[in-house]
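Trainee: Take a look at this one; I'll ask things after.
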Amino acid sequence: MSDVPLGEHALLSDCGTGALVTAGGSVDWLCLPRFDSPPVLGRLLDAQAGHFLLAPAARGFVATWRYRSPGLVLETT
């Protein structure tokens, strides 16, 4: 399982599918090609179910994020 609580994941979506991501850049849940498809990445439920990490190579970075209002635009700094 992911060591990040579910409430600390953000939703990225194109209204056809969606991914749950952490502020550290880990995609822990992804269903393709639709929301009701089996998960391609399922780390939320099982550590061996896969995840994808997109983050700086250097350690020690701090990411902050927020949803910009109005809408579901995720702003990451």
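Trainee: If G7 meets every condition in (1) in contact (Cβ under 8 Å) with a residue 12 or more places away in the chain; (2) out of contact with any strand residue (DSSP E or B) (no Cβ under 6 Å at 6 or more places or on another chain) apart from one, which number is that one?
Mentor: (1)
Trainee: Got a sec? Which of V62, V73 is free of Cβ contacts under 8 Å to residues at least 40 places away in the same chain, open to solvent by 30 Å² or more (accessible area, probe 1.4 Å) and either at positive phi or within 15 Å of the chain's Cα centre (by Cα) (or both)? Let's see the steps before the verdict.
Mentor: Details: V62 fails: either at positive phi or within 15 Å of the chain's Cα centre (by Cα) (or both).
None of the other options fit; the residue is V73.
Trainee: I'd like to check something: does the range 31-45 contain any residue that is touching an Asp or Glu at 6+ places or on another chain (Cβ under 6 Å) and not β-branched (V, I, T)? I'd like the intermediate steps shown before the answer.
Mentor: Keep residues of the range 31-45 that are touching an Asp or Glu at 6+ places or on another chain (Cβ under 6 Å), which gives 43-44.
Now drop any that are not not β-branched (V, I, T), which leaves 43-44.
Yes; the residues of the range 31-45 include at least one that is touching an Asp or Glu at 6+ places or on another chain (Cβ under 6 Å) and not β-branched (V, I, T).
Trainee: Among the residues of the range 32-46, are any modelled with pLDDT of 90 or more, touching a Leu at 6+ places or on another chain (Cβ under 7 Å) and open to solvent by less than 40 Å² (accessible area, probe 1.4 Å)?
Mentor: The answer is yes; a qualifying residue exists.
Trainee: Among residues belonging to the range 1-25 that are of a type in the set (D, E) and more than 16 Å from A63 (Cα to Cα), point out the one that is least open to solvent (accessible area, probe 1.4 Å).
Mentor: For the range 1-25, the residue satisfying everything is D14.
Trainee: Another question, then. Please note which strands (runs of 3 or more DSSP E) are completely contained in the range 4-51 and include at least 1 residues that are among the β-branched types (V, I, T). First the steps, then the outcome.
Mentor: Details: elements: 9-13, 18-22, 26-31, 39-42.
Strands (runs of 3 or more DSSP E) meeting the threshold: 18-22, 26-31, 39-42.
The values are calculated or read from the model by the stated rules, or taken from the named source; none is laboratory data. None of the values given here were measured: they were computed from a predicted structure. Cβ coordinates were reconstructed from backbone atoms using ideal geometry, including for glycine residues, and neighbour counts include every protein chain displayed. To get the accessible areas, we keep the full protein, side chains included, count just its heavy atoms, and leave off ligands, DNA and RNA. Shrake-Rupley method; radii C 1.70, N 1.55, O 1.52, S 1.80 Å.
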